[in-house]
Amino acid sequence: MELRQLRYFVTVVEEGGFTRAAERLRLAQPGLSAQIRQLERELGQPLLDRSGRAVRPTEVGHAVLPYARAALAAVEGVRQTAEEYTGLLRGRVAIGLVPGTLAHPFDLAGLLAAFHRAHPGVEVTLTEDVSDRMLAAVRGGALDLAVAGVAQEDPPPGVAWEVVMDEPLVVAAVPGHPLMAGHPEARAVAPAALDGHRLIGLPHGTGLRALLDRLCAGAGFRPHIAFEAATPDALARLAAR
């Protein structure tokens, strides 16, 4: 078993096929396929399901994947540690963001720019996705860290977190809406008051949607989601119209 074979296997899984994986690795597709089959013969188990349009890991492949990523990460750690003694930090950091994060006053873009200026040898990649999938990617090793929205107070198994933004959940509606009528100033709205109203919310898999669903379930009803949008500011714009 060779490290490059593990890297090829991980890349095929991440790209969902041999063609895109070969392009990313800058290899000929037949050579890439041959290396994966050699790895499967050595392990005595098929690692990839090639029967569909997209290549997916088999049950064995799913079980092997975290160990393959860990082996590659360990080797990268050895290289980075040695290079740090030369004064130049190298490597790759994969970051996941909920949509709209870069527009927040927290200024994550500024932090990333400052980091890049300080460490030009580190490649930073950004991915936008819903929170549930990003947390799963952190647990699986595909992401190093994620800025995600969460509904629960305690992190799920395999994940540690720090709060960087803590904001209230609000109801936004046009003036004169029944929820706002007679209350020109902001006030607390009980979750039960949302029952019977058409709501605009974030999609399933986001922390805010999970919180909304949980609050409504606690009040004894299921929210009527008329529209979904990807970012909180998009929800506000839709509500205003």
Test H62 against the criterion of being in a helix (DSSP H, G or I), of a type outside the set (S, T, N, Q) and at pLDDT 90 or above, and give yes or no. yes
Which members of region 103-125 meet the condition of being open to solvent by less than 80 Å² (accessible area, probe 1.4 Å), of a type in the set (A, V, I, L, M) and farther than 24 Å from E84 by Cβ? L108, A109
Meets criteria (assigned to a loop (DSSP other than H, G, I, E, B) and out of contact with any Phe, Trp or Tyr (no Cβ under 8 Å at 6 or more places or on another chain)) for A146: no
If I filter region 126-144 down to residues being in contact (Cβ under 8 Å) with a residue 24 or more places away in the chain and over 22 Å from A229 (Cα atoms), which single residue comes out as most open to solvent (accessible area, probe 1.4 Å)? D144
Within region 197-227, residues part of a strand (DSSP E or B) and either touching a Ser or Thr at 6+ places or on another chain (Cβ under 6 Å) or farther than 20 Å from L135 by Cβ (or both) come out as R198, L199, I200, H224, I225, A226, F227
Of (1) within 30 Å of R92 (Cα to Cα); (2) touching a Cys at 6+ places or on another chain (Cβ under 9 Å), A160 fails just (2)
D166 - would you say it is among the acidic types (D, E), open to solvent by 40 Å² or more (accessible area, probe 1.4 Å) and modelled with pLDDT under 90? yes
Count of residues meeting criterion [open to solvent by 60 Å² or more (accessible area, probe 1.4 Å) and hydrophobic (A, V, I, L, M, F, W, C)] in region 193-229: 4
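The values are calculated or read from the model by the stated rules, or taken from the named source; none is laboratory data. All of these numbers come straight from a predicted model, not from anything done at the bench. No Cβ is skipped: glycine too gets one built from the backbone with ideal geometry, and neighbour counts run over all protein chains shown. These accessible areas exclude ligands, DNA and RNA; they are computed on the full protein's heavy atoms, side chains included. Shrake-Rupley method; radii C 1.70, N 1.55, O 1.52, S 1.80 Å.
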